[in-house]
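Taking it in order: structure first as structure tokens, then the write-up.
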Amino acid sequence: MSAFPLRSRLGIMASLALALILSILPLPDIIAPFRPDWLLVTLLYWTIALPHRANVGTAFVAGLLLDLLLGSVLGVRALALVIPVYLAASQFQRMRNYSVWQQAFVVGGLAMLNKLLIFWTGYLNSAIQVDYHYFWSIVSSMVFWPWIFLLLRKCRRQFALT
């Protein structure tokens, strides 16, 4: 076994660990609704860039870890991550040909699907209400996508992750 697959796995795991940390980092109440879905955006990048390394299984494990860290019902965020990552993985060749700004709109649609799945599973468990603050993270995920894309692409090329 060569060092390249191990280096790729460690690089992907390190970026996902950083995304998990950013997802649970406490923020002031005024900017907390604008927190991007760091884990979803990072998983989408790796699914588009290296679909043979990061895929639905990676999304499921990362979602379970996020459920454990947030103390929510186990499997809710795993389901909410698996479906958008599956859709991105099934169309990764098409998404690679889009410009970064077009990809941002696709990421926004997948982030909306993620939020709707989380709301739906929460609604099945208890009677919750949704307000407009709940969906601000979709906009911030779209806005941050070009910079996250460029940063992760630079890391992938600099460390020769394949």
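The values are calculated or read from the model by the stated rules, or taken from the named source; none is laboratory data. Bear in mind the structure is a predicted one, so any value in this text is a computation, not a measurement. Here Cβ is always computed from backbone atoms with ideal geometry, including for glycine, and neighbour counts include all displayed protein chains.
Summary of computed values
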{"item": "Count - residues of region 76-93 that are of a type in the set (Val, Ile, Thr) and under 16 Å from Leu16 (Cβ atoms)", "result": "2"}
{"item": "Residues that are surrounded by fewer than 19 Cβ atoms within 10 Å (Cβ to Cβ) and assigned to a helix (DSSP H, G or I), drawn from region 1-19", "result": "Ala3, Phe4, Pro5, Leu6, Arg7, Arg9, Leu10, Met13, Ala14, Ala17, Leu18"}
{"item": "Residue count for region 82-102, restricted to those that are under 23 Å from Gly57 (Cβ atoms) and part of a helix (DSSP H, G or I)", "result": "14"}
{"item": "Of all residues making up region 110-162, the number that are assigned to a loop (DSSP other than H, G, I, E, B) and not polar (S, T, N, Q)", "result": "7"}
{"item": "Condition met for Ala78 (touching a Gly at 6+ places or on another chain (Cβ under 6 Å) and modelled with pLDDT of 95 or more)", "result": "yes"}
{"item": "Residue that is nearest to Leu44 (Cα to Cα), among those in region 94-136 that are among the polar types (S, T, N, Q) and at pLDDT 95 or above", "result": "Gln103"}
{"item": "Matching residues, region 35-57, being within 18 Å of Ser23 (Cβ to Cβ) and surrounded by fewer than 21 Cβ atoms within 10 Å (Cβ to Cβ)", "result": "Arg35"}
{"item": "Of all residues making up region 29-79, the number that are touching a helix residue (DSSP H, G or I) at 6+ places or on another chain (Cβ under 6 Å) and at positive phi", "result": "0"}
{"item": "Selected residue (only one of Arg96, Arg153, Arg77 is exposed (fewer than 13 other Cβ atoms within 10 Å of the Cβ) and under 28 Å from Arg9 (Cα atoms))", "result": "Arg96"}
{"item": "Selection within region 13-27 - at pLDDT 95 or above and over 19 Å from Asp67 (Cβ atoms)", "result": "Ala14, Ser15"}
{"item": "Which numbered condition His52 fails, given (1) under 22 Å from Trp136 (Cβ atoms); (2) at pLDDT below 95", "result": "(1)"}
{"item": "Options Ala160, Ala127; residue that is loosely packed, with under 14 Cβ neighbours inside 10 Å, touching a residue at least 40 places away in the same chain (Cβ under 8 Å) and of a type in the set (Gly, Ala, Ser)", "result": "Ala160"}
{"item": "Qualifying positions in region 39-81 - of a type in the set (A, V, I, L, M, F, W, C), part of a helix (DSSP H, G or I), closer than 21 Å to Gln102 by Cβ and touching a Leu at 6+ places or on another chain (Cβ under 8 Å)", "result": "Leu40, Leu43, Leu44, Trp46, Ala49"}
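This table checks each residue for (1) more than 20 Å from Ser137 (Cβ to Cβ); (2) over 15 Å from the mean Cα position of the chain (by Cα); (3) of a type in the set (A, V, I, L, M, F, W, C).
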position	(1), (2), (3)
Leu6	yes, yes, yes
Leu10	yes, yes, yes
Ala14	yes, no, yes
Leu20	no, no, yes
Ile24	no, no, yes
Ile30	no, yes, yes
Thr47	no, no, no
Thr58	yes, no, no
Leu70	no, yes, yes
